[in-house]
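No lab work stands behind these numbers, since they all come straight from the coordinates. Note that the structure is a prediction, hence the values are computed from the model and not measured. Positions of Cβ are backbone-derived with ideal geometry, glycine not excepted, and every protein chain shown enters the neighbour counts.
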Amino acid sequence: MPASSPSRAAALDRSRHAAPQVFERLRDLILSLEMAPGTVLSRADLAAHFGLSQTPVRDALIKLGEEGLVDIFPQHATVVSRIDAAAATQAQFLRRSIEAEVVLTLTGHADAVLLSQLRAQIDVQTALTGSTAYLDFIAADRAFHRLMYVAAGVPDLFDLVRKHSGHVDRLRMLNLPSVGKQRAIVRDHRRIVDAIASGDAAAAQASLRDHLSGTLGQIDAIRQAHPDYFTA
């Protein structure tokens, strides 16, 4: 594919270090598939786009490479990585393992404020169901899960999981427009919260595992629909 620069506004906060901001901008564009797998990234073009020297762009690309979101070929090119099904499976295994403990920790101990916050995020997703505002839906989904990590006292583990979830997040982006997918996510979130509130640990963990297995269960169909997005 030809080289690409971001299409979203490039203005950065000049009071903050540039490299982390470039990293987050590019990461969001890759996860949203606005920068599709196989897209060639020009360091010089990105530097010009953001109005920076090439050094912070290089640092951002190195960090994206560490997350497996770009493939860096020294003296040749940097390319948005294709989706690695094995990496996605491992990332989801990590997430299921951690979140099963998170919901177990919360079951029977969640206060009214947390339950209200979780249900408020479900309400946001419900309002977005059926629309094409996929990024807003995903943001509400992410906020829902992060609330549980924070309440369980392990917010750093949310960041750890996010760091490893680039491949599965792109799978989720491809799967989200599928008929009934948004409704299924809302249903699963309601089941998780209801089980936590009622003190049913087994139901909370079972609902969580079912919820986090949905996208990977569709990986063959997703790959068939988007073969160029996947590693061989």
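The mean sequence separation of alpha-carbon pairs under 8 Å and at least six residues apart, normalised by the residue count of the chain, gives a relative contact order of 24 percent. Seen against the Cα atoms of the chain and their longest principal axis, helix 166-175 is set at about 70 degrees.
Taking 7 Å steps out from each Cα toward its Cβ at E66 and T126 produces label points 4.1 nm apart. Dipole magnitude for region 85-229: computed about the Cα centre from +1 point charges on Lys and Arg Cβ and -1 point charges on Asp and Glu Cβ, it is near 260 debye. Counting only DSSP beta bridges whose two residues both lie in region 3-80, roughly 75 percent are antiparallel.
For the pair V179 and A225, the difference between a 0.36 nm per residue extended length and the Cα-Cα distance amounts to 15.1 nm.
Counting only helical runs of four or more DSSP H residues, what would the 222 nm mean residue ellipticity of the chain come to if each run contributes -39,500 (n - 2.57) and the total is spread over all its residues?
-20000 deg cm²/dmol
On full extension, the segment bounded by R14 and L135 gains 41.0 nm, given 0.36 nm per residue less the C-alpha separation. Compared with the dominant principal axis of the Cα atoms in the chain, helix 134-151 is inclined by about 60°.
Here region 83-132 is treated as a sphere whose radius is the Kirkwood value from Cα pairs; by Stokes-Einstein at 10 °C and 1.306 mPa s it diffuses with a coefficient of 118 µm²/s.
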